[in-house]
Amino acid sequence: MKERTPSLDLLARLRSGDRAALSRLMSRAESGAVEARPTLAEVYRLAGRAHVIGVTGVPGSGKSTLVGKLVEALRRDARVGIIAVDPSSPYSGGAILGDRIRMSAVSGDDNVFIRSMATRGATGGMARAALDVVDLMDVAKYDIVIIETVGVGQDEVEIARASHTTVVVSAPGLGDEIQAIKAGILEIADIHVVSKADRSDANRTIADLKGMLALAAHAGPRPDWLPPVIGTSSYTGQGIDELISQIRRHRSVVGRERAAAIAAFRLQKTAEALLMERLARNSAAAREMYAVELAERRRDPYDAASKLLTAIFGEERP
Ligand SMILES: Nc1nc2c(ncn2[C@@H]2O[C@H](COP(=O)(O)OP(=O)(O)O)[C@@H](O)[C@H]2O)c(=O)[nH]1
Ligand SMILES: [Mg+2]
């Protein structure tokens, strides 16, 4: 078949929920190719319906198994897209989401779409690529998009910040807690899950977490939303319904405000990316010159850098 206007045709197919069109557009989005921007711009304008749920936590905390359970429950009355941001390292201590879901009951389900993204693959930042993929799923009529990320590193924190509802998963045992604190992900949680609640040490972790949150509430209370702590077991199903109802409650309480914050965050990230592009494109000669002056200590780094920016972008207006 001849494609006269391939992007428009793809877009029409995407809007009808065509899985092949979705896959192709996702690959383009991930590549960060400039040619993909007009289509993605159109996609952005059409998107905005889906509820984006970030699920994060250290490797082995039980995220993928939990996401599988969530999807099983949610798919009864919604189309669910899943984005698994796999760490670049092939060994993560837990199976990657795609593998777990493929083994589970939801594989082959037309109302479920799974996409794995490699952290090293995306040009222009993981968060940028993941959010474009979210928009594509949104336009392809997925009502809920779940992003699983390993809760370490800047990319993951950014993706969590760009979700409407962020679920932080901690497994029983203090080791994981300490890692979560170190990675700074506890504070981004809208909902805390203590996974593997079928284990006897889970109650201890739930109590520890609640204690920690009570202390944190003194530092910066959010009166409209106090993050609940929910014990779940993907083996017995304990807590899964409670988690889903808290996710829905979070959306209704904080949804609008969060959408505005995400838009501001996305504007900032995109502006940064464009800035870096322009810097890379335009500054070769000027950079060389100022680098020499810097090396010879005729200028200091701040002076040289602001001269460089002026050379590219002009004088800063007051
Ligand atoms: N006891 C128990 N083990 C679990 C549960 N959920 C996951 N696990 C186990 O924890 C390990 C890591 O799970 P996984 O979902 O891959 O974690 P991820 O790395 O955070 O995605 C696997 O061996 C799972 O079988 C649970 O509810 N209870
Ligand atoms: Mg996983």
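Please treat every number below as a calculation from the coordinates, not as lab data. Since the structure is predicted, the reported quantities are computational estimates derived from the model, not experimental observations. Please note: Cβ atoms are built from the backbone with ideal geometry, for glycine as well, and neighbour counts cover all protein chains shown.
Below are the figures for this structure:
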quantity: Debye log10 I(q)/I(0) for the stretch 217-318, one point scatterer per Cα, at q = 0.11 Å⁻¹; calculated: -0.65
quantity: Summed side-chain charge close to Arg75 - residues other than Arg75 whose Cβ falls under 14 Å, Lys, Arg +1, Asp, Glu -1; calculated: -1
quantity: Under 5 Å, built H, 5+ apart or other chain: amide partners of Thr166; calculated: Gly54, Asp190, Ile191
quantity: For His51, distant residues with modelled amide H under 5 Å away; calculated: Ile144, Val145
quantity: Over 22 Å between alpha carbons, listed pairs Lys63/Lys210; Lys269/Lys307; Lys63/Lys196; calculated: Lys269/Lys307
quantity: Qualifying GluC sites (Glu not before Pro) for the stretch 215-308 [loop in DSSP, other Cβ within 10 Å: at most 14]; calculated: Glu296
quantity: Distant-in-sequence amide H partners of Ile82 (H built 1.01 Å from N, under 5 Å); calculated: Phe113, Ile114, Arg115, Ile146
quantity: Rough spin-label spacing in nm, given labels placed 7 Å along Cα→Cβ, for Ala280 and Gln238; calculated: 4.9 nm
